[in-house]
1. Within the stretch 180-211, take every residue that is hydroxyl-bearing (S, T, Y) and more than 21 Å from the chain's Cα centre (by Cα) and give me the one that is nearest to N165 (Cα to Cα).
2. Among what's in the stretch 347-371 and is in a loop (DSSP other than H, G, I, E, B), within 29 Å of the chain's Cα centre (by Cα) and not hydrophobic (A, V, I, L, M, F, W, C), pick the residue that is farthest from A274 (Cα to Cα).
3. Answer yes or no: is there a residue in the stretch 210-232 that is free of Cβ contacts under 8 Å to residues at least 60 places away in the same chain, surrounded by 16 or more Cβ atoms within 10 Å (Cβ to Cβ), outside any strand (DSSP E or B) and polar (S, T, N, Q).
4. Looking at the stretch 233-247, which of its residues are surrounded by 16 or more Cβ atoms within 10 Å (Cβ to Cβ), out of contact with any Lys or Arg (no Cβ under 6 Å at 6 or more places or on another chain) and of a type outside the set (V, I, T)?
5. Collect the residues in the stretch 164-198 that are of a type in the set (A, V, I, L, M, F, W, C) and assigned to a strand (DSSP E or B), keeping them in residue-number order.
6. Within the bounds of the stretch 405-416, is there any residue that is more than 30 Å from M474 (Cβ to Cβ) and touching a helix residue (DSSP H, G or I) at 6+ places or on another chain (Cβ under 9 Å)?
7. When you look at N280, is it assigned by TED's automatic domain parsing to the domain that holds V431 and modelled with pLDDT under 95, yes or no?
8. Take R251 and decide whether it is charged (D, E, K, R), buried (at least 16 other Cβ atoms within 10 Å of the Cβ) and more than 30 Å from D424 (Cα to Cα).
Amino acid sequence: MVISQNDSKIGRFSADFVKGCAPLTVNLTVNDSFGNIVRQYIYEDGSRVTNDTFHTFTVADTFNIIQVVQSQLPRTDTLEVIVYDPATPTFEIFNCSLNRARILPTTDFPYDFYRVYFENDSLTVLPNQVSEIMNFSNSAVKLIRLRGFFNNARNNCGEVSFNFNPIDNIDIPIISDFTAIQHCLNLSAIDLDVTITPAVRHLLEVSTDQINFEVIDTISDVSSINVTDIPINSETICVRIVAIDDCDNTRIESQVICDNSLSTQIPIVNDVTATFTIANTLSLDWVASPIIPINYEITRALRDESFSIFALSERNSFSNSETYDGQRVFDFRIVPIDSCGNQANSSILTRPIFLRAERNSTNNYDFEWNNYLGWQNGQTGVTYELEILGEGNSVNNSIPITNNSFTRNIGRDNGTRFRVKGMDNNRNRQVFSNIIVLEQENEILTPTAFTPNGDGVNDVFGPIVTDDVENFEMLIFNRWGEVIFVSRSRLIGWDGKDQRGNAQNGTYTYKISFNEENGNIFNQTGTFVLIK
């Protein structure tokens, strides 16, 4: 027995269709020579046994039709039937010049072929293959139908109808805007705004030398394009759009537009602003790298020591909540790292201004600070001021300073908070040191000069001190630092004499100390002039 395509497994019966779209009606034909005996059929799992030789399958599935013949061995024979949902075809259609077009079915569905109907004609096209040329009589809107088919099956599967506008000419593509965004040393993204002919296949081509172009995408019916992860190896990336006439395979090219701002290496951070906030925390800011997204590795070292990783920042800024007192000088370097792991060289050395002060006598402090490093011009062109802050951190006074160390008596300053401000030579940028808080101490009044000439006026040098102090001591020093007078009573001052008699005119130094009523030890040092 010769078994045809639609015959059962052992050839006892056949069906007119074994594949198609739901609802699918099949009619069976008996092929055996058993004569006048009963033949029964089961068409679906769980369905009743029937003598009918026809059945309609209403849902998509794979079915086994079972024929049962009680008087024969084997008693059963089977035939597989596959039923599909009538999927609507999807497609792309490409306009050509001279009122022509081609269509490409794109349905992810096992249709054996498609039929496209247009005007008074039709064409057969295979899945994922471009059709033959469709010729239209003119440029008026046309109704087109696309239907899916199975071989040797009923014509009841999915169909789509749409209006299509043929064209006489394909316009030259126009790129109206182009931006390249480098998000990795060797990868870039591009954004384009374009004007292209509708329903025409276009190629997006990229070049790094304006000569050799590579197709990176196929587009149609868009006004903007974004493509990521484009490999690059130069500072230039160029693009063009090419319209394809799919009927005769001709190319219509747009203008070429280039971006020359790409980097072949990650730029070094070479300009950093490092400043302290009012809360004495450090803030670092620098110019963002043109390669984005990017991480910045922040390294830190005690002055002139080895650097180690301190923090990571995803932005071109970093704020450190650590409080700095100025006693230790830290250096910083910024290392950019792109999203592909490529790493730049370290930035120029950045050294914020660290200010510290040490008390040497009553209200006299030795101030010390370092020059700012971080701007491209280095230490040159940076000027400095000592700022004295009052209530609400308002600046009560600004004093120009040139030396990195100086001594200042803060007893008459209107404020107890001090910081150094650095400014570039154009005074466009400024940085601040950490703020130090210095307590003003009570000072005793002493004359700045006295005249021990015996006239009864200002003949004795001594302080004005209340009578509730203890362990009073006043020392008088000559210009060579020698002690020439000692008093251990607040009531006894210096009469201008030393071991040799009357002291010479000139400047002398005093040092006064005593215990205050609250137990604190008071110390005050100063100078005065002896005049006869």
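The values are calculated or read from the model by the stated rules, or taken from the named source; none is laboratory data. None of these values were measured; they are calculated from a predicted model. Note that each Cβ is placed from the backbone with ideal geometry, even for glycine, and that neighbours are counted across all protein chains shown.
1. Applying the filter and picking the extreme gives T197.
2. S347
3. So far as the stretch 210-232 goes, no, none of its residues is free of Cβ contacts under 8 Å to residues at least 60 places away in the same chain, surrounded by 16 or more Cβ atoms within 10 Å (Cβ to Cβ), outside any strand (DSSP E or B) and polar (S, T, N, Q).
4. The answer is C238, R240, A243, D245.
5. Within the stretch 164-198, F164, I174, I175, F178, A180, I181, C184, L187, A189, I190, L192, V194 qualify.
6. yes
7. yes
8. no
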